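Asks: Dropping a structure here in structure tokens format, bear with me for questions.
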Amino acid sequence: MRPKPHPSHSWRADPAVPAFDETRILLVMDGECALCSGAARRIARWDGNDQMRIATVASPLGASLLAHFDMNPDDPTSWLMIEDGVARGSLDGMVALFPKLRWWLMPMVIVRVLPWRVQDWIYARIARNRYWIGGKGDLCAMPDPALRARLVG
């Protein structure tokens, strides 16, 4: 759901977390979920400024970051967005991410008026039913060049 609060850049002191490019936004997402795979491909197409990188929850980087923030890589609600030393999850991360990709996604910020428990409940319903909604896909299976350039870990 949401990462456990930590000080900014706290993973630097965690020997289990491999180094990564902190100048870009890092997304940690499920590599087997068709919704996540589709989102990753869309992010790669829309990220015209090359500001994002993507790690799967199963990668050493993704798994270690999730563990650092007390999140379970096997929990379908686990995903992270790390930007400027701060980790976000749930709808909070999506609301922060999507307007960076397309201006017309800016209205998503209205979600922030909802209490965080409601946001997490909505996100959990989608995440826990993601295979039923979108099926399975493989983020790493034959990625196009735009996505391949963003995969890390």
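Asks: Scan region 15-36 residue by residue and report those that are within 16 Å of GLY153 (Cα to Cα) and not aliphatic (A, V, I, L, M).
Replies: Once the filter is applied, which keeps residues that are within 16 Å of GLY153 (Cα to Cα) and not aliphatic (A, V, I, L, M), region 15-36 yields PRO15, PRO18, PHE20, ASP21, GLU22, THR23, ARG24, ASP30, GLY31, GLU32.
Asks: What's the number of the only condition in (1) more than 25 Å from SER8 (Cα to Cα); (2) in a strand (DSSP E or B) that SER37 fails to meet?
Replies: (2)
Asks: Those residues that are of a type in the set (Val, Ile, Thr) and exposed (fewer than 15 other Cβ atoms within 10 Å of the Cβ), I need them from region 1-31; list them, please.
Replies: Of everything in region 1-31, just one residue is of a type in the set (Val, Ile, Thr) and exposed (fewer than 15 other Cβ atoms within 10 Å of the Cβ), namely THR23.
Asks: Same structure, new question: Give me the helices (runs of 4 or more DSSP H) completely within region 70-153, filtered to those with at least 2 residues that are modelled with pLDDT of 80 or more, ordered by residue number.
Replies: 90-101, 116-128
Asks: Out of the residues in region 48-58 that are surrounded by 20 or more Cβ atoms within 10 Å (Cβ to Cβ) and out of contact with any Phe, Trp or Tyr (no Cβ under 8 Å at 6 or more places or on another chain), state the one that is modelled with the lowest pLDDT.
Replies: Among them, the one singled out is THR56.
Asks: Considering only region 12-22, I want to know if a residue exists there that is over 21 Å from PRO145 (Cα atoms), out of contact with any helix residue (DSSP H, G or I) (no Cβ under 8 Å at 6 or more places or on another chain) and either of a type in the set (Ser, Thr, Tyr) or touching a residue at least 12 places away in the same chain (Cβ under 8 Å) (or both).
Replies: The answer is yes, given that some residue of region 12-22 is over 21 Å from PRO145 (Cα atoms), out of contact with any helix residue (DSSP H, G or I) (no Cβ under 8 Å at 6 or more places or on another chain) and either of a type in the set (Ser, Thr, Tyr) or touching a residue at least 12 places away in the same chain (Cβ under 8 Å) (or both).
Asks: Next question. Report, ordered by the first and then the second residue, all pairs with beta carbons closer than 7 Å, sequence separation of six or more or different chains, a first member in region 45-68 that is in a helix (DSSP H, G or I), and a second member that is surrounded by fewer than 23 Cβ atoms within 10 Å (Cβ to Cβ) and among the β-branched types (Val, Ile, Thr).
Replies: Within 7 Å, the pairs are LEU61/VAL152; SER64/VAL17; LEU65/VAL17; HIS68/VAL17.
The values are calculated or read from the model by the stated rules, or taken from the named source; none is laboratory data. These figures come from a predicted structure and were not determined experimentally. FYI the Cβ positions are ideal-geometry reconstructions off the backbone, even for glycines, and counts take in every protein chain you see.
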